[in-house]
1. Hey, among the residues in segment 260-285 that are within 15 Å of ligand 2 (Cβ to nearest atom) and β-branched (Val, Ile, Thr), which one's nearest to Ala815 (Cα to Cα)?
2. With Phe247, Phe261 as the choices, which residue is out of contact with any Leu (no Cβ under 6 Å at 6 or more places or on another chain), modelled with pLDDT of 95 or more and more than 16 Å from ligand 1 (Cβ to nearest atom)?
3. Quick one: count up the residues across segment 262-284 that are over 14 Å from Gly891 (Cβ atoms) and either assigned to a strand (DSSP E or B) or charged (D, E, K, R) (or both).
4. Quick one: which of Ser690, Ser739 is under 29 Å from the mean Cα position of the chain (by Cα), in a helix (DSSP H, G or I) and more than 24 Å from Ala815 (Cβ to Cβ)?
5. Please name all residue pairs, on different chains or six or more residues apart, with Cβ atoms under 8 Å, provided the first residue is in segment 429-448 and is farther than 30 Å from Val16 by Cβ and the second residue is in a helix (DSSP H, G or I) and among the small types (Gly, Ala, Ser).
6. With respect to Val78, determine if the residue is more than 24 Å from the chain's Cα centre (by Cα), on the phi < 0 side of the Ramachandran plot and in a strand (DSSP E or B).
7. Which pairs do you get when a residue that is closer than 11 Å to Phe445 by Cβ and touching a residue at least 24 places away in the same chain (Cβ under 8 Å), found in segment 497-513, comes within reach of a residue that is part of a helix (DSSP H, G or I) and of a type in the set (A, V, I, L, M), reach meaning Cβ atoms under 6 angstrom, with the pair 6+ apart or on two chains?
8. Leu309 passes all but one of (1) more than 30 Å from Val207 (Cα to Cα); (2) within 16 Å of ligand 1 (Cβ to nearest atom); (3) of a type in the set (A, V, I, L, M); which number fails?
Amino acid sequence: MRTITFFLVGLTVHVVFFLSIFDIYFTSPLVHGMTPQSTPLAPPASRVVLFVADGLRADSLFTLLPNSSSRTPYLRSVIEETGTWGVSHTHVPTESRPGHVALIAGFYEDVSAVAKGWKENPVEFDSVFNESRNTWCWGSPDILPMFAKGASGDHVYTHTYPAKEEDFASTDASRLDSWVFTQVKSFLQSAKLNSTLKASLLEDGNVFFLHLLGIDTNGHAHRPMSQEYLDNMALVDTGVAELVSVFEDFFGNDGRTAYVFTSDHGMTNWGSHGAGHPSETLTPVVAWGAGVNEAQRVTDPQPYEDGYLQDWKLEHIRRVDVNQADIAPLMASLIGLPIPVNSVGVLPLLYLNNSNQFKAESMFTNAIQVLEQFKMKMSQKKETTLSFLFTPFQLLTESKQAEFTQKARILIQLEKYSEAISLCRTLISLSLDGLVYYHTYDRFFLGCSVVLGFIGWTSYVILVILKTHVSLNRHPNLTKQISSHSLGRISVSVAVMITVFLLIQRSPVTYYVYCLLPVPVWYSVLKESGALTDLIRSAPSLQLWKCFVYFVLVAFGIELLVASFFHRAMLTLGLAVVSLWPLLLGLFDKAKSCSLSWFVACLCLAVFPLMPVVGRDHNLHLVACAGLLTVFTSACYLWSSWQRTPLHPGDRRQFFTQMIHVAVCACVPFLTHSSLQQKQGLPLLNQIVSWSTLASSIFVPLLSSTRLFHRLLSIFLSLISTYLLLSTGSEALFPPVLSWLMFAWISIEQEALIAQGVSGRQELSSIDFSANIDISNIRQLKLDDVRRSYFFVFFIITAFFGTGNIASINSFDPASVYCFLTVFNPFVMGGLMMWKVIIPFIIVMCTFETIQVATQLSSRSLFLIVLVISDVMALHFFFMVQDYGSWLDIGTSISHYVIVMSMTIFLMLLSVVTHLLTSKRLILWKRPKMHFP
Ligand SMILES: [Zn+2]
Ligand SMILES: [Zn+2]
């Protein structure tokens, strides 16, 4: 197979397998076509006012000042006197959109919906706003439109400020909240004079939604412990107090207004959200007004063991925790709306100040509403499955459903309300389990076919390696021609059988892809199986025990890498083991300084996975230190190499300039952050330096000579200077140490080749990247190359997890791009952070390129081994993808799978870049001669 076809087929297989997890694990849970359910009794409130303080943490609101007073006196008095409070537990991803969907529509958006777009509304869904008579919303243009768009008819009115107001650092973000409060006040003022508006405001079943983005914006810019964040909280408290009196005034103190105050997600100490840390998932909820219970004094210990009650000095007031989705049915019940049809929330009865009959009826409505979804899901699955293959959810068959609902009805009629309520709760939890059961019905079948295809592909790659890159005793296979013919016929008939089966089942189009793809893959495997017989025939000449030892070592190594995705400290262990490699090889005596340098560099690098992830603590002195270290080590290195071969004056000038550049870049972050702290904004000069460094980082190395170490040093220096600008703490030291280790690796590999007595080897210092590789010198793969490839994968993973973990890469720390810009711009900021993540990869890739050149291998053969290693890892992570348990685990498990699946593809693309980066040279000063044909 040609390289390009191989690449394309490999790409297709990986893309299909990657996308398959969205059909296997992450399909939309929503079903459509249910009838809305509402309680037949009169609701206690006519309207509900929902305040969402975006990004407000539970502990920020509930913690008292040292003098036992509160920053938010109004809400505190509600908690202690007039309302009910608790912690609302949100799900990962703790972002604004999923948080608001859970609050207002009562379900947790599936990950695929989040991936489809932030502002767009990927699926039609029902919400409290949609069920309301009228909803008026004020707030951010990022949040409000999706609910207006999702609602049928035009009874959801939005009032938003322009998007450019959401500036991160320069102005005071609490203006966003003042804007909302002022707008609501003037809206109600104008309604007094507008009779049609007033009439619709006085109707029952209205919702007022105030989205307060200031706290979130201040938290991102200044972190949640900052005065700005806390002041903004106080401003919101005053605003809420004022608005409550304005509302009461407008409606003539009719006692028919309910209020709910909560937030969509919290925020970490370092000003980010998105992951599943308690600071992100614990949000406050406070409800008061019509239909809501007043504060309940308790003397017994409460059933919460997290210690927060003591911290917040609220042991004496009953706390009622909810899941975020429970707030939607709560609001619906307060004003008598049907519960949103896709809601999975359970009505938190302890919030309701109402008769037991009302509570039981509401719970019954809630149970029927969830059961409706279950029934719809079951009938959909039944329709698309052959009847003899269909296994229903045993705990909730059709007869059991009828039994449950009948019994609950009778209990309510007999006024046995508490029994009815607990029966309804059981029905809800069974229905939710059943929903999951039918939702994951096809999982086993799809999983099997994907795994089959995956194993087939990996076997195929192994056979290709054996066939083309390993010297085995080849035997002409006479029976091959015949068998390949019948093999083709068998494959076609299997494919036809699968298609017919899927047609009968009326399966979705994507199922055909997952089930049919293994057929051609296994066809190719069986066709290439001749390589396997060759291997078996040459087995006597191979050192079997050595192969076995290698196999076991690499298997352990892969397990270590898989484990390092969960515990970064595993990389430390790995580096410690790897540091002993020259010793085990017996190289220590032959190349003392090399081995020692490798040993020390490994141990230095081993420290990084033990340190906290990027963005936790800012220490800009460390950034300056990293710059100094880089300049110092490269100067030492140049001096020592100068002793052996004098530098060309042009190279000397270039290295000198680059070292000065690194020194400048080491100072810029410090100056920028101190200027920002003094509120003087980002200095223009710093911004110019930063952007020009970024722009030139790829081109500057192209000016240097293509001699191996010179080019590498130039690449490393220019990448490190960009990295320094994007650093805020200890992670700045990572690329210099990594580069040092990479230099040591190249030297040791060379020593290892000498030790093995490989002929035709070149002196390292004489290797030139741009020289054409002598084809006759390219050697076949040896066992040791498996180790080389493994080292490469190991260093790539170290480059990725050395300074952070998945959560730190997903979540957002804007401080690291402050040298470039301070105005919030997700694309530019995301791009810059992406580049920061990629820089260590390029350092490792360039080294790998060097090792291929220096050890006379074709770049393809080593890459094939890398492909096998990463595919074995991907298969691990395929089984570890979860859609249950804590939401952090779910997000992480997908990210792991994505990373490993895309690793090879990404590395192949990156290898093209690094090949150009190492072998091409730009000549600026001499004009090339022109030829006119
Ligand atoms: Zn938010
Ligand atoms: Zn935010």
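The values are calculated or read from the model by the stated rules, or taken from the named source; none is laboratory data. Here the structure is a predicted model, which is why all the values come from computation and not from measurement. For neighbour counting, all protein chains shown are included, and Cβ atoms are generated from backbone atoms with ideal geometry for every residue, glycine included.
1. Only one residue fits best here, namely Thr268.
2. Every option except Phe247 fails the conditions.
3. 5
4. Answer to the selection: Ser739.
5. Pairs found: Ser431/Ala367.
6. no
7. Going by the 6 Å Cβ cut-off, the qualifying pairs are Tyr511/Leu502.
8. It fails just one condition, (2).
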